[in-house]
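The values are calculated or read from the model by the stated rules, or taken from the named source; none is laboratory data. Keep in mind the model is a prediction, meaning the values are calculated, not measured. Every residue, glycine as well, gets a Cβ built from its backbone with ideal geometry; the counts of neighbours run over all protein chains shown. Only protein heavy atoms, including side chains, enter the accessible area calculation; ligands, DNA and RNA are left aside. Shrake-Rupley method; radii C 1.70, N 1.55, O 1.52, S 1.80 Å.
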Amino acid sequence: MTPRADLGSPVRASPTWVGWLAALLVAGSFSQLAYALHPRKGPFIGYVEVAAVGMLLVWGTWVLASGRLRFLCWPPWPAWALVAMACLSLAEAVNVKAGIVEVAQYALYFLALYVFFADAFAGRPWLAVKAFLAGTGVAGGLALGQLFRGAPPMAVHGLASDRNVHSALLTVVLPLLWVPACLHWPRRRYWVGATGIALAAVTMLGPPHVWVALIGIAWVAGVVAGTNWWKAVLPLGGLVLLVNFVSPVHRACNVDEFMNPWETGNVYKLLRDTGAAEGTALVKKRWLEWYPALAMIADRPLLGVGAGNYQLNIGRAEYWGYLPNAKKTEPNTNNLYLVTGGSLGVPGLASLVALLTYHLGLARRRAESGDPLAVGVTASLAVLAVVNLFTALLVRGAAVGWTALFVLAALSGRQARGESGHDAVALSPEGR
């Protein structure tokens, strides 16, 4: 089929090796292994990000040599706006080096990798799902081994840096991986898929992510499995619920810890410098930090404190006011929207929200046409929007998966069902 340059035209699929490079990158997004420019303060450069740059160089050389440049699919305007606001925010940054690293990461995730994945997965969107499955299998398997060896909950994190990122990543991916299982209900492949997802869910000890994942999984089953949705969900959901209410470790993390808004232990030692009386309750730092983050946004609404400079400023006394800044926050329990607003200002936050809602809208429209893959992508993007309230998932490596989901949302429903025929593919005008 002859390629044409108009937006709705079919484009010949990229070679198989391009798809496999992209798949390896998506699978590697579950790892947060990184090089730290400073061992404690960072910034951190993920090895998967370094691999991404190398793959982009190889692919970019091929694109230029093959004359394929005019057929590439470019990111939508919210992605460009987010990167632009990150660049402008550097004018307010105290640590410019950290800011430049973060701006480069934004450009890598939402601009360069968007173009790469759109070319790599066009005509083969299920390859991206297989890549997510491979990454989940490795990360979940490692976390399961950590759990069975008796590691404390904080140390059950697979390839991620901590339990919160691990749980958030699985929360986003599991609804997508649930689609193939639902399509095969009640055959053997359903039971294999449900067992794998249940085992992965058992490793999620960062509250409240497992409950968000179950809601996303139930919604997918309701759409894909139809009237049999409850039969499809019951074995998986029942096992996950049983584990979380019977296992002391899971109940302590996902039930007791989630339901308790107060810091536990002897918090008086943390509060006595504030003049508090013994026995005074202390709200958990993860929730308490929302106030100074809002104060930071109010103080610098236009450009924020600069990309990569949130942690350097969140502890300032003028932002905390009379609230006790008495304990270090557990890693990656920040609200991403408040972090983005504080770092890039209100326009930067609006750009991030627009980027999420734009692709969520694309996926939802595909899902309404009966495309099962789009149903999974819709659930994953909706879950992504929710988990970022509890874990800032725009961290090294993890955001590679965001971009893959965005590209899957932009692919046409005809492609996603595998009906495009041979190697001819098409990208929707909305996704260009």
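A single entry from ALA213, ALA218 fulfils the requirement of being within 20 Å of LEU169 (Cβ to Cβ) and either without any contact (Cβ under 8 Å) to a residue 40 or more places away in the chain or open to solvent by 20 Å² or more (accessible area, probe 1.4 Å) (or both): ALA218.
When the range 28-53 is filtered for residues that are of a type in the set (Gly, Ala, Ser), open to solvent by less than 30 Å² (accessible area, probe 1.4 Å) and modelled with pLDDT of 80 or more, the ones remaining, listed by number, are GLY28, SER29, SER31, GLY46, ALA52. Exactly one residue out of TRP80, TRP126 is closer than 27 Å to GLY54 by Cβ, at pLDDT below 95 and surrounded by fewer than 20 Cβ atoms within 10 Å (Cβ to Cβ), and it is TRP126.
Condition check ((1) within 19 Å of THR378 (Cβ to Cβ); (2) surrounded by fewer than 24 Cβ atoms within 10 Å (Cβ to Cβ)) across all residues:
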{"residue": "SER161", "(1), (2)": "no, yes"}
{"residue": "HIS166", "(1), (2)": "no, no"}
{"residue": "LEU169", "(1), (2)": "yes, no"}
{"residue": "TRP178", "(1), (2)": "yes, no"}
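Rundown of residues vs (1) open to solvent by 10 Å² or more (accessible area, probe 1.4 Å); (2) in a loop (DSSP other than H, G, I, E, B); (3) within 23 Å of TYR109 (Cα to Cα); (4) not aliphatic (A, V, I, L, M), yes/no style:
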site	(1), (2), (3), (4)
GLY306	no, yes, yes, yes
ASN325	yes, yes, no, yes
LYS328	yes, yes, no, yes
GLY341	no, no, yes, yes
LEU349	yes, no, yes, no
ALA363	no, no, yes, no
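Kindly evaluate GLU330 against the criterion of being at pLDDT below 95 and under 30 Å from PRO301 (Cβ atoms). Before the answer, list the steps.
Working: at pLDDT below 95: yes; under 30 Å from PRO301 (Cβ atoms): yes.
The answer is yes for GLU330.
Taking each residue of the range 336-351 that is at positive phi and looking for partners that are open to solvent by less than 40 Å² (accessible area, probe 1.4 Å) and at pLDDT 95 or above with beta-carbon atoms closer than 6 Å, six or more apart or interchain, yields GLY345/LEU303; GLY345/GLY304.
Screening GLY397 with (1) buried (at least 24 other Cβ atoms within 10 Å of the Cβ); (2) assigned to a helix (DSSP H, G or I) gives one miss only, at (2). Only one entry in LEU360, LEU356, LEU381 is of a type in the set (A, V, I, L, M, F, W, C) and either touching a Ser or Thr at 6+ places or on another chain (Cβ under 6 Å) or under 21 Å from ALA181 (Cβ atoms) (or both), namely LEU381.
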